[in-house]
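Novice: Before anything else, here's the structure in question.
The values are calculated or read from the model by the stated rules, or taken from the named source; none is laboratory data. Note that the structure is predicted; figures quoted are calculated from it, not measured. No Cβ is skipped: glycine too gets one built from the backbone with ideal geometry, and neighbour counts run over all protein chains shown. Note: areas computed on protein heavy atoms with side chains; ligands, DNA, RNA excluded. Shrake-Rupley method; radii C 1.70, N 1.55, O 1.52, S 1.80 Å.
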Amino acid sequence: MNQYIHHPHDKFFKAMMAERELAIGFLQFFLPEEIGRMIDFERMEASKESFVSEELKEIFSDAIFRCPVLNAENTSLFVSVLIEHKSYPDKMVAVQLLSYLANAYQTQLKSGELLHVVIPMIFYHGVENWEYISLRQLVPGLSKEFRRYIPDFETLFVDLTRMSDEALNGIKLVLLRAAIQLQRYSGTPLLLLKHIGRILERIDFEKDNSRNFSRQLFVYFFEISEISVEELATLIEDLPIHTKSKIMTTYEQIEKKGFEKGIEKGIEKGIEKGIEKGIEKGIKSEKMRLIIQGYKKGYSIEVLSDISGLSVVKVRKIIQQHQNQ
């Protein structure tokens, strides 16, 4: 992960495509059928390479897969899945994609190997409607004598938000389907909360082999929904008991980790403000604030005592003082 991956969507996308089974399922579903049936997915390899140049790192992140072609010895192609960082559709993206593809072929040249075709796929899950415009469409009104000089190329454009539930139900892998549905509703929090029970009930935590990604899936959901523990408990009320238990345990672990980081940050902040009494006052003030926040989120007094290092009596007193204000 590089420093330009600054959105939870990008982190989640990278985590999803790092799981081999999910990546294969993703490509099998979203690639055109005529391309998919020519790829030897058994020998597909994720590439550590990125074709994103320094100039494009604020615009794209990519996941690249080297895909051997069936019944064609020593022949491969690259499928490059790009996620776009902008919060709005850019009609000039074809120009940026041209630069990306040029860098992709230059990177291959520098490696000293034969050139392989690069198939670009833009994976878009924004709220606004975005119709991809090709490079040739961006230069209208030219006669055929001039049009042939415009560099043009095919691009696979996936507009996830405008895909139907029926279409996405065609994704065979349950965990992948849940991940894609989360991304689909990531820009519409109300719809996300409406559908979250149906999305999560599909996951069988007892049989799921990608347990690390299951946790990443929950982290992503909590990041994009900013849901409280009370709201979460209500939304998952009708799910199977083992599923509810897994969700709540993961939620508590994530919240506890964030809470502990907040305390550490508060202590550092208190230390920076002064010495002796200044330090003590800074630590105390920050712990009080975080204890109150944790209590509002549903943490028990015992858990808050364990996290903060204060006694149960002191934690209870802090909460009572806050309630009396």
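Novice: For the list (1) in a helix (DSSP H, G or I); (2) touching a helix residue (DSSP H, G or I) at 6+ places or on another chain (Cβ under 6 Å), I need the number of the one condition that A233 fails.
Specialist: (2)
Novice: OK, next. In the set S53, S61, S80, which member is under 23 Å from K110 (Cα atoms), surrounded by fewer than 20 Cβ atoms within 10 Å (Cβ to Cβ) and modelled with pLDDT of 90 or more? So that I can check it myself, show each step before the final result.
Specialist: Details: S61 fails: surrounded by fewer than 20 Cβ atoms within 10 Å (Cβ to Cβ); S80 fails: surrounded by fewer than 20 Cβ atoms within 10 Å (Cβ to Cβ).
Answer to the check: S53.
Novice: Taking segment 167-177, which residues are surrounded by fewer than 21 Cβ atoms within 10 Å (Cβ to Cβ), at pLDDT 90 or above and not in a loop (DSSP other than H, G, I, E, B)?
Specialist: A167, L168, R177
Novice: Now, a different point. Go over the candidates T107, T161 one by one and state the one that is among the polar types (S, T, N, Q), in a helix (DSSP H, G or I), within 25 Å of the chain's Cα centre (by Cα) and farther than 20 Å from I24 by Cβ.
Specialist: Checking each option against the conditions leaves just T161.
Novice: Tally up the residues in segment 302-319 that are assigned to a helix (DSSP H, G or I) and either touching a residue at least 24 places away in the same chain (Cβ under 8 Å) or out of contact with any helix residue (DSSP H, G or I) (no Cβ under 6 Å at 6 or more places or on another chain) (or both), please.
Specialist: Initially, segment 302-319 is screened for residues assigned to a helix (DSSP H, G or I), giving 302-308, 312-319.
Among the residues that remain, those that are also either touching a residue at least 24 places away in the same chain (Cβ under 8 Å) or out of contact with any helix residue (DSSP H, G or I) (no Cβ under 6 Å at 6 or more places or on another chain) (or both) are: 302-303, 306-308, 313-315, 317-319.
Final tally of qualifying residues: 11.
Novice: Cβ-Cβ distance below 6 Å, separation of 6 or more or different chains: which pairs start in segment 7-36 with a residue that is more than 14 Å from G170 (Cα to Cα) and end on one that is open to solvent by 50 Å² or more (accessible area, probe 1.4 Å)?
Specialist: So the pair list comes out as P8/E223; A15/Q216; G36/Q28.
Novice: L97 - would you say it is of a type in the set (A, V, I, L, M), closer than 22 Å to Q28 by Cα and open to solvent by less than 50 Å² (accessible area, probe 1.4 Å)?
Specialist: On the way: of a type in the set (A, V, I, L, M): yes; closer than 22 Å to Q28 by Cα: no; open to solvent by less than 50 Å² (accessible area, probe 1.4 Å): yes.
Criteria not met by L97.
Novice: Quick one: count up the residues across segment 110-132 that are exposed (fewer than 15 other Cβ atoms within 10 Å of the Cβ) and within 22 Å of L31 (Cβ to Cβ). So that I can check it myself, show each step before the final result.
Specialist: First pass over segment 110-132, keeping only residues exposed (fewer than 15 other Cβ atoms within 10 Å of the Cβ): 110-115, 117, 127-129, 131.
From what is left, the residues that are within 22 Å of L31 (Cβ to Cβ) are 115, 117, 131.
Qualifying residue count, segment 110-132: 3.
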